[in-house]
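Inspection log for the structure reproduced underneath, given as structure tokens.
Every number in this text was worked out from the coordinates using simple rules, so none of it is lab data. For clarity, every value in this text was computed on a predicted model and none was experimentally measured. Backbone-built Cβ (ideal geometry, glycine too); neighbour counts: all protein chains shown.
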Amino acid sequence: MDQPLDLLAIGLTTIDITVHPVASLPEGGNGELVEKIVLSPAGTAGGTALVAQKLGLRAGVASAVGDDPQGQIVRSMFDAAGVDTSLLSIDPDRPTSTTVLPIRPDGERPNWHMLGASIFAPVTDAVFAALARTAAVHWGGVGFPGAAGKGADLLREARARGVFTSCDLIAPSDAAQADLDLLLPHVDLFMPSLAEVRALAATGDPVEGARRFMARGAGGCLIKMGSEGALLVLPDRQIHVPAHRIEPVDTTSCGDSLCAGYIAGRARGLDPAEALRIGVATAAQVALAVGTLGKLESYDRTLEFMRDAPGRGEAG
């Protein structure tokens with residue numbers, strides 16, 4: 001496909017197998033009925049692309065799946081949603097990255113994860129070529145061996161073309177820390193969680209953490225703070241949007257959906273504060289049900305949710 005993209009998400013793409021609710025594992029070989037078992041594409045690339053598409057963007061995913069049933073399901077679900085899969089390659093030697101999530105009644109989400117093809121997906125010439133038709137790039141492959149140092153080159157070229165660049169990561173690690181030194185000078189907006197700020201910036205203060213990432217080159221930081229909402233730190237201001245008052249069911253994809261919501265708001269011409277509100281509302285809707293999309297329906301429905309759902313008050 002060579003159609004224009006509002007967003008190209010690059011990096012981790014998994015299939016999530018979500019089971020809800022799971023209070024405990026059955027004893028021995030016994031079985032137990034549950035309310036829902038949901039399959040959905042997920043990950044810092046896959047989940048972000050799927051949510052962005054649901055919000056009305058033209059989204060694509062650059063990653064890899066295995067030549068296995070899980071990979072076939074991921075591709076078919078992307079295709080059904082309208083996500084551009086022309087840069088989603090098939091790795092014949094590795095399985096599709098897969099996560100099993102038994103969601104507890106209180107919303108906690110332990111998991112079993114199998115490393116797979118997307119971790120090792122290379123950044124090909126075709127991905128570089130796609131920058132010519134892309135308005136925003138979301139890099140979700142921090143520290144991945146398949147990127148082989150090409151992430152910084154890709155983001156550098158993207159910014160040279162006027163493409164908005166954002167970046168998220170899976171988990172803090174020494175490899176991620178080293179990769180960020182190369183990536184952040186070419187990132188308009190770094191999007192870590194508060195837990196990742198603590199681990200990578202050695203501070204529990206989100207503003208101070210954001211400033212440390214910006215000193216390493218990031219243009220700004222969007223910090224995902226769970227039940228406290230999100231904080232956007234830019235060179236000239238700070239914006240905090242509290243979380244909506246909801247009873248979360250599954251928070252697995254809330255971080256990726258918040259990123260997608262912010263990018264969707266920005267793509268529609270909203271200022272940073274309004275775009276952040278879209279992101280927080282998107283994450284709230286995703287948390288209301290099981291799977292990557294939760295109860296998310298559309299961008300228009302998100303605006304209605306923002307108007308009707310209770311918030312926690314706002315602070316700027």
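Things to note:
- Sequence ranges 4-11, 191-198, ranked by mean other-Cβ count within 10 angstrom, highest first: 4-11, 191-198
- Fully extending the segment from T203 to L303 would add 32.6 nm, taking 0.36 nm per residue of separation and subtracting the current Cα-Cα distance.
- Full extension of the chain segment joining L39 with T124 gains 27.8 nm, where the gain is 0.36 nm per residue of separation less the Cα-Cα distance.
- Listed by Cβ neighbour count within 10 Å, with the fewest neighbours leading, L50, L88, L39, L115 appear as L115, L39, L88, L50.
- Fewest-first sequence of F128, F120, F164 by Cβ atoms within 10 Å of each Cβ: F128, F120, F164
- Each residue of the stretch 80-97 is assigned a 3J(HN,Hα), and the resulting list reads 5, 7, x, 5, 5, 10, 5, 10, 9, 8, 10, 9, x, 9, 10, x, 5, 4 Hz, derived from the Karplus form 6.51 cos²θ - 1.76 cosθ + 1.60 (θ = phi - 60°), x at Gly and Pro.
- For S89, the residues whose modelled amide H falls within less than 5 Å of its own, excluding neighbours fewer than 5 places apart on the same chain, are S63, A64, V65.
- Histogram of C-alpha separations across the chain, 20 Å bin width, %: 35, 59, 5
- Helix-only mean residue ellipticity at 222 nm for the chain, each DSSP H run of n ≥ 4 adding -39500 (n - 2.57), per residue, nearest 500: -10000 deg cm²/dmol
- Peptide packing for 285-294, 57-66 was compared via the average number of neighbouring C-beta atoms within 10 Å per residue; ordered from the highest value, the list is 57-66, 285-294.
- For the stretch 153-237, alpha-carbon Rg relative to the globular expectation (2.2 N^0.38 Å, N residues): 1.03
- Largest-first principal axis extents of the Cα set of the stretch 12-141 (Å): 54, 34, 23
- Amide H partners (placed H, <5 Å) of S193, local residues excluded: K224
- Least to most buried among S166, S298 (fewest other Cβ within 10 Å first): S298, S166
- Rounded to the nearest Hz, the phi-derived 3J(HN,Hα) couplings of the stretch 171-188 under the Karplus curve 6.51 cos²θ - 1.76 cosθ + 1.60 (θ = phi - 60°) are 7, x, 6, 4, 5, 5, 4, 5, 5, 4, 4, 7, 7, 4, x, 10, 10, 6, where x marks glycine and proline.
- Under the Karplus curve 6.51 cos²θ - 1.76 cosθ + 1.60, θ = phi - 60°, whole-Hz ³J(HN,Hα) for the stretch 30-37, x wherever Gly or Pro sits: 6, x, 8, 7, 10, 7, 8, 10
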